[in-house]
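What follows is calculated from the coordinates using simple rules that are stated; it is not laboratory data. Predicted model only: the values in this text are computed from it and were never measured. FYI the Cβ positions are ideal-geometry reconstructions off the backbone, even for glycines, and counts take in every protein chain you see.
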Amino acid sequence: MRSYDLTERGKIIIAVILVTLIFVIPAIVLAAKAWNSSPPPDDPPQTSVPEDLPPDISNTPLPEGSGVDPPDPPPSGNGEQGSYDPPVDPPEEPQEFGPVGLDKTAGTMSFLYAPDLQSSLDADTISMMGDFITSPRNTDDSQITVELPQLSENETTELISAITDAFAQHSIAQNDISYIVTSSTPDDHIFEVYLSFTQATNLK
């Protein structure tokens with residue numbers, strides 16, 4: 001066999017090839033590995049929201065024009081569910097006075113009188129007096145007896161005048177009426193007046 005001598009040029013070429021194999025190829029391999037193992041792109045940043053935080057409550061009234069209007073108060077007086085009607089005291093009823101009873105057969109009549117509320121007899125009492133004098137007990141020798149409770153002098157005088165004027169409307173003269181003050185004293189300032197027919201012979 002023939003031996004070959006390497007020239008200087010051949011030595012240089014061989015050296016270049018060896019350097020390439022030693023440095024370039026490992027660099028390519030490392031670059032490929034680095035490319036394949038690169039991390040995925042970052043996700044967009046997320047804003048963390050604290051959980052279960054209590055709402056911010058303020059007692060300060062909202063400024064005008066804030067866009068939040070307070071609810072209208074519930075209507076009252078319409079009786080709908082949810083509405084509230086304050087209790088209203090019933091109006092105080094006036095004390096009643098006037099006719100109480102009439103028995104034409106027995107010749108008796110009674111009515112209520114209130115000196116603080118009236119100074120004359122009411123129309124119903126005066127009308128009942130017209131029925132009272134039609135009693136069969138009203139004879140030529142009878143007289144009308146009026147029983148009054150114990151009152152002040154002014155009240156007694158005023159009541160006698162009111163009864164006399166009422167009977168005058170039915171053509172009954174004052175001389176045909178007698179007044180008797182009983183021992184009773186009214187508890188309330190409204191009392192019952194009792195009328196009856198008494199025979200004139202019993203008055204002697």
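In this Cβ point-charge picture (+1 for Lys and Arg, -1 for Asp and Glu), the stretch 98-203 has a dipole of about 360 debye about its Cα centre. Here the residues D188, D103, ranked from fewest to most Cβ neighbours within 10 Å of their Cβ, fall in the order D188, D103. Ranked by the mean number of other Cβ atoms within 10 Å of their residues, highest first, the peptides 127-135, 106-114 come out as 106-114, 127-135.
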